[in-house]
Amino acid sequence: MWRQLILFLSLCGLGGAAGAQPLEVDASSSSFEVSGHLSVSPLQTQFASPEDALSAYRSGQFEKLPAFMGRGMQKDAVWLAFDMHGARTLDESLVVQVGPAVLDHVAVWQADAAGRLSLIGSAGDQAPLNQVAVPGFKPSFALRLAGGAINTVLLRIQTTGTNTAIVKLYRAEHFPSVQATEGLLLGSALTAYLIMGIVALGMFWVLRERIYLLWLVMILVMASYAFMSTGMGYRYLHWDDLSNINKLTNAFLIAAFVTNLVFVNLLFNFKSLHRWLHRLFTSWAVLAPLLGIFGILLSSPALAALILSSLFLMTIVAVTGIVLQMVRRHPESLRYGPFFVLYLANVAASMLAANGMGLPLSEWTSSGAQVAGICNLLSLQVAMFSRAMDTRRKHAQERARLLTQLTQQNQELEARVEHRTVSLSRALHEVQQAASAQRHLLSMASHEFRTPAAWIKASLDSMDILKAQVPPEIAKRLTNMRQASVRMIDLANNLINEDRLHELSLKPHRAALDLRQLAVEVMARYSANPEVVANLPEGPLYVTGDPALLAIALHNLIDNALRHGRPHEPEHQRVSVSLKVLPGQVELQVADNGPGIPESQRESVFERYHAGPYRDFNDNEGKVSTSSGLGLSIVQDIAHAHGGQALVCHNQPHGAMLVLSLPI
C-alpha cells in the first residue's frame, strides 16, 4: 500500500532551533510552537520498543529538525520526540495533534524525568474509530503536564507513502474551537465543490459539450479526494475494512491528477501546439490509472515512486505547454493560464518538498497550494461560464438568422392566410346567423309546445275521477298519454333552460346569494309532493353565483331524481335534498332510492343528449323509457360556469346521489 502525503512537520517558521531546551508551557498562549524543539529518529534506524526510542532520544541520538522533513517513499516507522516544561505549579491539560488526517497509525507516550513511560493512546485512519480517545479531523491525544515538571512526549508514526508530518500543541479548553473552525472550513470547501458541480451539470445538460462533462468529473473527483484526504471519510463513513480508505484515497489522488491534466490538454488546446504533445497527455491519461491500480494492489513503494515521478514530470510538461500557449497569445491561455500555472507550480513544489528533494516543506507550502488550487478552480469556473456565454452568443446569432428567414416566410404565409381568413369570417358570420335563427326557432317552438302539452296533461289529470268507470284498456291508454305529455313538457322546459343558459353565459348576473334560501324557494314548487324532503342547515349559506342558473340546476336535479326514484316505499324516502359544507366549498346533494347509476356510465351521464335507460316505476308493465338527455348536461354547464363541478355518488343502501359542488 502506498500513497502521496502532502504533510508537514512544523507549526510556524522556516528554521528550527539547534538547542535542546524544553518547550515552555505557560498560561499566556492557547497554542505552542513545537518547531525547534522537535527531534526525529535517524534515517534507517528502528527501535524495538518505546523505551529504546526514549533512551536513544535522551542520549542525543535523535536529530534536531528544521521546520520541515521529507524522506521520500518509505514504510519504516518514524519516531518523534520533544520535551515540555510546565512553567506553573498547577497541572496543565494539553492536546497534541499530529497531521495530516491520512496518517495510518500514530501512537503517543508520555515520560517523566525518571523515564517512566505511559501510553497516551493511538489514532490514525487505520485505527478503529471507536478506539480513538480524542475525536478530531486529525489524530489527537490528551496530555497531562505536571506543574513545574519536565515531561517527554514520544510519537511513533507508521504510514505508507512519503514520511512527513506536522505536530501542533493546544490547550485543552481551546481545542474544540480549533476543531470547529477546521470543520467549518472543510464544510465550506465541500459546499463550494457542490455548488460548482451543480453549475457544471447544468451547463452540460444545456449545451451538451464534452468539456463541461469533463469539468463536472474533475470537480467530483477533486471533491471526493478532499473528502477522503482531510479525514472526513474516515470520521463520518463506517468502514468494515479500514485499508479501503488508503486505496480509495490513492485512487482519487490519481484520478484528480488525470482529470486536471486532461482538462489542461483540452482547455488550452495542446493539439494546436504539437500533435505529439496531445498524444502524450492522452496516452498518459490511459496509462496512469492502470499503473495506479497495480500500485494500490501491490503496495509497492517503488511503483508508487514511479507514478509520483511521472505525475511530477507531466505537471512540468503541462506548465511548459501553458506558458508556450501564452507566448503564442492563445486566448484561453492568456485569460486562465496564470492561475493554472501557479496551481501546478505549487503542487510540484509540494511534491518535491514532501519527497525530501531540497525544497523546504512548511505549513505555508501546503497553504499556498490550497489557495492556488481554490483560485484555479474559481478561474476555471469563470472560464466555463465565458465559454458557455460564447456558445450562447453563437446560438443566438444562429437563432437570429433563422428567425429572419422565418419572418420572411411568415409574411408570405400571412398574405395567404389573410385571404383565407376573410373567407372563413364570412362563412362564420353566416353560420352564426343560422345558429341564432335556429336557436330562436327552437325557443319559440319550445314555448309553443309547452302550453298545449300542459293543457293536455291538465285535461288528463282531471279525468282521474273517471278512472273507476272506464275500461282498463282505455285507462292504460290515458296513462300513456299523460306520461307522453309530461315528457313533452320536460323536453320543452329543458330546451328553454338551455337557451336561457346560453344567453346568461354570455352576460352572467353574479351576486352574493343565500344558497339555503334559494333551495327553499325551489322546494316550494314540490310542496305538494310528500316524496321530496329537504335537509337544510338552519342558518344562511352565502355563495357568489347567478340565482336563475342555480335554480335551473336544482330543478333539473330534483326532476331527474323523481323520474328514477322508487315510489310508495315508506322505508326509503324517494328524493332527498341537502346542503353540506366542506372546506372551501359547499355541496348541493340530491339523492334518490332508484336503481342507481352503473360505474361505467358515471362519466357520461352529464354529456349532452346522453339519455341512459332507466326503469319507469309508474309503468306497470316495466317498460324502459328515456329522458331527453339535456337536464344533467345543463347542470354540468351551470356548475362549470360557477367554477364548480357536478358529480355522481352512490346513495346507501341503494340509489344515486347527484352533487353540485360550488366554491364558497
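Observations, loosely collected:
- Hey, ALA553 assigned by TED's automatic domain parsing to the domain that holds ASN593, closer than 18 Å to ALA646 by Cα and crowded, with 21+ Cβ neighbours inside 10 Å or not: yes
- Residues that are of a type in the set (S, T, N, Q) and assigned to a helix (DSSP H, G or I), drawn from segment 222-252: SER224, SER229, SER243, ASN244, ASN246, THR249, ASN250
- Considering VAL95, VAL134, VAL108, VAL102, the condition of being among the β-branched types (Val, Ile, Thr) and closer than 21 Å to TYR57 by Cβ is satisfied by VAL108 alone.
- Filter result (out of contact with any strand residue (DSSP E or B) (no Cβ under 9 Å at 6 or more places or on another chain) and closer than 19 Å to LYS580 by Cβ) within segment 521-544: GLU538, GLY539
- Some residue of segment 155-167 being under 14 Å from VAL95 (Cβ atoms), of a type in the set (D, E, K, R) and assigned by TED's automatic domain parsing to the domain that holds ALA107: no
- Residues being surrounded by fewer than 20 Cβ atoms within 10 Å (Cβ to Cβ), without any contact (Cβ under 8 Å) to a residue 40 or more places away in the chain and touching a strand residue (DSSP E or B) at 6+ places or on another chain (Cβ under 7 Å) - total across segment 121-133: 4
- Of the residues making up segment 136-149, those that are surrounded by fewer than 18 Cβ atoms within 10 Å (Cβ to Cβ) and at pLDDT below 85 are ALA146, GLY147, GLY148, ALA149.
- Selection count where residues are without any contact (Cβ under 8 Å) to a residue 24 or more places away in the chain and among the aliphatic types (A, V, I, L, M), scope segment 221-247: 1
- Residue match in segment 84-91 (condition: at pLDDT 80 or above, surrounded by fewer than 19 Cβ atoms within 10 Å (Cβ to Cβ) and closer than 25 Å to ALA149 by Cβ): yes
- Pick from segment 135-179, criterion assigned to a helix (DSSP H, G or I) and not charged (D, E, K, R), ranking: nearest to the chain's Cα centre (by Cα): GLN179
- Filtered residues of segment 24-61 (kept if over 19 Å from ALA165 (Cβ atoms) and crowded, with 18+ Cβ neighbours inside 10 Å): VAL25
Conditions tested, residue by residue: (1) at pLDDT below 85; (2) out of contact with any Asp or Glu (no Cβ under 7 Å at 6 or more places or on another chain); (3) closer than 30 Å to LEU143 by Cβ.
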site: VAL178; (1), (2), (3): no, yes, yes
site: LEU213; (1), (2), (3): no, yes, no
site: THR230; (1), (2), (3): yes, yes, yes
site: TRP239; (1), (2), (3): yes, yes, yes
site: SER243; (1), (2), (3): yes, yes, yes
site: ASN250; (1), (2), (3): yes, yes, no
site: PHE257; (1), (2), (3): yes, yes, no
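- Evaluated against (1) on the phi > 0 side of the Ramachandran plot; (2) modelled with pLDDT under 90, GLY121 falls short on exactly one condition, (2).
- Flag for ALA251 being more than 22 Å from GLY321 (Cα to Cα) and touching a residue at least 24 places away in the same chain (Cβ under 8 Å): yes
For every residue, the table says whether it meets (1) modelled with pLDDT of 70 or more; (2) aliphatic (A, V, I, L, M); (3) assigned to a helix (DSSP H, G or I).
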site: ALA396; (1), (2), (3): yes, yes, yes
site: LEU403; (1), (2), (3): yes, yes, yes
site: ALA415; (1), (2), (3): yes, yes, yes
site: VAL422; (1), (2), (3): yes, yes, yes
site: ALA445; (1), (2), (3): no, yes, yes
site: PHE449; (1), (2), (3): no, no, yes
site: ALA454; (1), (2), (3): no, yes, yes
site: ILE474; (1), (2), (3): yes, yes, yes
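- Every listed requirement among (1) of a type in the set (S, T, N, Q); (2) more than 23 Å from GLU182 (Cβ to Cβ); (3) modelled with pLDDT under 85 is met by ASN130 save one, (2).
For (1) in contact with an Asp or Glu (Cβ under 7 Å, 6 or more places away or on another chain); (2) at pLDDT below 80; (3) part of a helix (DSSP H, G or I), each residue gets a yes or a no:
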site	(1), (2), (3)
LEU549	no, no, yes
LEU557	no, no, yes
ARG563	no, yes, yes
VAL586	no, no, no
GLN589	no, no, no
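The values are calculated or read from the model by the stated rules, or taken from the named source; none is laboratory data. Predicted model only: the values in this text are computed from it and were never measured. Glycine also receives a Cβ, built like all others from the backbone with ideal geometry; neighbour counts cover every protein chain displayed.
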